[in-house]
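For reference, the structure discussed in these notes is given below.
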Amino acid sequence: MTTTRLLTVAPSVTRRRRLGTTDRPRRSVTLTVLTAIVLVYSLIPLIWLFINASKTQSDLFSTFGLWFGDEFALFDNIARALTYDDGIFLRWFGNTLLYVVVGAGGATLLAVLGGYALAKYEFAGKRAVFAVVIGAVAVPGTALAVPTFLMFSSMGLTNTPWSVIIPSLISPFGLYLMWTFASEAVPTELMEAARIDGAGEFRIFWQVALRLLAPGMVTVLLFTMVATWNNYFLPLIMLRDPDWYPLIIGLNQWNAQAATAGGTAIFDLVLTGSLLTIVPLIIAFLFLQRYWQSGLAAGSVKE
Amino acid sequence: MTRITPRTRRVLIGTAVAGVASLSLAACSAGATDTDDALEEGGTITVWAWEPTLEQVVADFEAENPGVTVDLVNVGTGIDSYTALSNAITAGTGLPDVAQVEYYALPQYALQGALQDLTEYGADEYEGTYAPGPWSSVTSGDQIIGLPMDSGPMALFYNKEVFDQYGIEVPTTWDEYLQAARDLHAANPDVYITNDSGDAGLAASIMWQAGGTPWTVDETTVGFDLTGDEGAQRYAEVWQTMLDEGLVSPIAGWSDEWFAGLSDGTIATLPIGAWMPANLEGSAPDGAGAWRVAPMPQWEEGEVTSSENGGSSLAIPADAENKELAYEFIEYANAGDGVQTRLDGGAFPATVADLESEEFLSEEFEYFGGQQANQVFSESSAAVVEGWQYLPFQVYANTVFGDSVGQAFLGGTTIADGLAAWQSTLEDYGTEQGFTVE
């Protein structure tokens, strides 16, 4: 019975099955080595960060980089990082959350609205919009930062949180992703059925389409979240007041503190701060990962 | 999609100052100038500075002058702060009322007319208050474009334990310095006499001490002689020899490896400005007790010459909004009670009275094994070679130092060739900027 069933499934699955490791394990030394290198390459910085965030500054200078120091000072370091300079780290943390929630959240919302509209409605100039969006994907945000700065400067928006949030609201890649996703995930037949039942277009969007779009939304949300969380150049040129810095700029300022007359090196706090900074991203990934996977697959496989 | 753009940026911790409990001390004003009214009127000024001791100065100033708010903002250090300042000057908006400007960067703003002439407010009364080096740095023609905040006479910081361990004498001349470099490295291959990865500020200080004038500035006429100048040649010879023999650690200054080297003795000396003790105490605490301070190695035996390294002033942009109040603040910080506050915080003075005071000279540095290090610094301050000028585009010059001279540190070229390349870059830039280049 199993054999017949196997024969009826898609060819790609049988091929994978044949190459699979359970029936006839095939070991490739080259592959194993390559995978190991990639694994080590991606894990070592993380391990290094964790180990060194647990050291006191003097251990940091005097002990081997890839093993723990004489003292396990992680919790002490965390406490100091959170309270240093009147707790400015928490302020930066709050700023980053604000930029991520409003910026990345807003970008996702706009991408969902726009992507859905482009996928499901016909209107004049749609091809032009398509060209613009594809073109926009190709332009790195960094290239736009300086022109944006000049524009915002004349509008008096620089050195305000708006100067970081407004540019973050635009995610051409997110829009493109939602567009592709929406055209697959929301069957036109379903929309027509809803129309026949008397539902208006807004009701169809909020009550029917949005649920189907959820996996795609999460994917876009993850993309924009990471982009906003890691955004360095934009806040760097927009913001002058440390009170509005996101974590990434603030940590860099801590790092540079060592390099001035009278300044104190706080590399231990920089490391601990960096560790704390990646924790929320790791948590977000653990929670949203499954949606990401199914989200990406849903757009690519014809059901 | 925006992405991370790695870019090195030297900035310092934000110095957001918490509101100060309004302890109304009896306000005593320093001298009767026409800016006194501004203090009574009160108001808010913005100060762009990274110097950490200013935090306390601001707090005291606000406490003494109810109604005055000083917004101390750290917009970055060095190049970053000048980029911010230049942008604000160009845009004409968002200017601070006071800006911290290092001596090497002052000429470029002065030349643009971007800084307020402080003689209008009576700053000329302070002639004689400051050491000659810093004072000449803040004067431009007959204008005074800032008040000196600190100074950085050069001294040789050295790790006495390392020198003692290998039985090597502390060098008093550059020839001895070179020999000590060889002896140290031979005794222990991990030990280097110093580190340098191409530091424009250090190169300038060494050339300055060697009596060099690698460039001359006369208003808008700039002349270069980086290849023929004696000071530049002396710098090139000593450093090239050390590079050829592998005696200089390639570690970049201010990195964590640097502080590690200073702590564990693998970097044995630092020719650097007198503001360094606070950094050593704060950032290389493990080196405490091992380090001492000696006068700079001399080019000729028996000479006493020195130069400055770093140091900054507080200046007022010409288009600042509240210049009177700004002047009151910089007067307080750099000539009034703020000076002592800053000294207590570990800053190095620019004021003659402090440089020569018994209290200052007799201060014992625990970090330097109880040595009265200020005596060395003070003598150095008095021995600074006169006649040095910074370029009117020194900020730019320093940023491109690494592309030319810095290549010698990577072994790609020699320092002499690097200096020639630097000169031609600077000549081109000077011409482009409208200077007459000779």
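The figures follow:
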| read-out | value |
| --- | --- |
| Interface burial for B against A (accessible surface, 1.4 Å probe, total of both chains, Å², rounded to 100) | 3500 Å² |
| Residue-by-residue Karplus 3J(HN,Hα) for the range A:276-282, coefficients 6.51, -1.76, 1.60, Hz, glycine and proline x | 4, 5, 7, 4, x, 5, 4 |
| Spin-label proximity, B:E379 to the range B:287-313 - amide N less than 16 Å from point 7 Å beyond Cα toward beta carbon | B:292-307 |
| Dipole magnitude (debye, nearest 20) for chain B, charges at Cβ of Lys, Arg, Asp, Glu | 1440 debye |
| Two-site FRET efficiency, A:L34 against B:A288, from Cβ-Cβ distance with R₀ of 35 Å, rounded to 0.05 | 0.10 |
| For the range A:29-71: Kirkwood Rh in Å [reciprocal of mean 1/r, alpha carbons] | 11.5 Å |
| Of all accessible heavy-atom area on the protein assembly as shown, the percent that carbon and sulfur account for (1.4 Å) | 57 percent |
| Debye, to nearest 20: dipole size of the range B:144-251, +1 on Lys, Arg Cβ, -1 on Asp, Glu Cβ | 140 debye |
| Local electrostatic count, A:T158, Cβ distance below 12 Å [Lys/Arg +1, Asp/Glu -1] | 0 |
| Residue (of B:A131, B:Q433, B:Q56) at the positive-pole extreme of chain B, dipole from beta-carbon charges | B:Q433 |
| Alpha carbon centroid spacing (whole Å) that separates the range B:322-341 from the range B:95-121 | 15 Å |
| Under Karplus coefficients 6.51, -1.76 and 1.60, residue-wise ³J(HN,Hα) of the range A:260-274 in Hz, glycine/proline x | 10, 4, x, x, 10, 6, 10, 4, 4, 6, 4, 5, 4, x, 5 |
| Sites B:A187 and A:S62, calculated FRET efficiency, Cβ-Cβ separation with R0 22 Å, nearest 0.05 | 0.55 |
| Extended-chain gain in nm, criterion 0.36 nm per residue less alpha-carbon gap, B:A63 and B:D36 | 8.1 nm |
| Computed Kirkwood radius, in angstrom, where 1/r is averaged over Cα pairs of chain B | 22.7 Å |
| Residue-normalised accessible area of chain B, expressed per residue, 1.4 Å probe, Å² | 39 Å² |
| All Cα pairs of the range B:165-280, percent lying beyond 21 Å | 43 percent |
| Residue (of A:A119, A:L286, A:P246) at the positive-pole extreme of the range A:85-299, dipole from beta-carbon charges | A:A119 |
| Computed P(r) (all Cα pairs; the range B:208-270; 5 Å bins; percent) | 4, 15, 17, 14, 16, 14, 11, 7, 3, 1 |
| Diffusion constant of the range A:70-126 at 37 °C, which comes from Stokes-Einstein with the Kirkwood Cα-pair radius and 0.692 mPa s, µm²/s | 220 µm²/s |
| P(r) tail fraction, the range B:251-396 - alpha-carbon pairs more than 26 Å apart, % | 38 percent |
| Estimated FRET transfer efficiency when R0 is 41 angstrom, pair A:I47-B:E300 (beta carbons, to 0.05) | 0.15 |
| Estimated vicinal HN-Hα couplings, Hz - the range A:161-172 in sequence order (Karplus 6.51, -1.76, 1.60; Gly, Pro = x) | x, 4, 5, 8, 6, 4, x, 6, 5, 9, 9, x |
| Cα-based shape type of the range B:370-438, given that a ≥ b ≥ c are square roots of the gyration tensor eigenvalues and the cut on a/c is 1.5 | oblate |
| Distance histogram for the range A:63-190 (every C-alpha pair counted, 5 angstrom bins, percent rounded to whole numbers) | 2, 9, 12, 13, 13, 12, 10, 8, 8, 6, 4, 2, 1, 0 |
| With eigenvalues of the C-alpha gyration tensor scaled by 5 and rooted, the range A:134-246, Å | 37, 14, 13 |
| About the Cα centre, charge dipole magnitude for the range B:261-389 (Lys/Arg +1, Asp/Glu -1 at Cβ), debye | 340 debye |
| At least 40 Å² accessible surface lost relative to isolated chain, residues of the range A:64-101 (1.4 Å probe) | A:D85 |
| C-alpha long axis of helix A:247-256 to longest principal axis of chain A, angle in ° | 30 degrees |
| Rg/Rg_globular for the range A:15-133, with Rg_globular taken as 2.2 N^0.38 Å and Rg from C-alpha atoms | 1.86 |
| Angle in degrees between helix B:373-382 and the longest Cα principal axis of chain B, rounded to the nearest 10 | 80 degrees |
| Amide H contacts under 5 Å for B:Y130, placed H, 5+ residues apart | B:V352 |
| Built amide H within the under 5 Å cut-off of A:K55, gap 5+ | A:A73 |
| Projected-area average for the range B:71-151 over all orientations - Cα convex hull basis, square nanometres | 5.6 nm² |
| Intensity falloff of the range A:85-299 expressed as log10 I(q)/I(0), Debye formula with alpha-carbon point scatterers, at q = 0.18, 0.19 Å⁻¹ | -1.26, -1.33 |
| Compactness of the range A:133-187 as Cα Rg over 2.2 N^0.38 Å, two decimals | 1.45 |
| For the range A:26-129, accessible area per residue (1.4 Å probe, heavy atoms of protein chains only), Å² | 60 Å² |
| Spherically averaged projected area of the range A:195-267 from its Cα convex hull (nm²) | 7.9 nm² |
| Three semi-axes of the equivalent ellipsoid, the protein assembly as shown, Cα gyration tensor, whole Å, largest first | 54, 34, 25 |
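The values are calculated or read from the model by the stated rules, or taken from the named source; none is laboratory data. Given the structure is predicted, the values throughout are model-derived calculations rather than measurements. Backbone-built Cβ (ideal geometry, glycine too); neighbour counts: all protein chains shown. Please note that ligands, DNA and RNA were not included when accessible areas were found on the heavy atoms of the full protein model with its side chains. Shrake-Rupley method; radii C 1.70, N 1.55, O 1.52, S 1.80 Å.
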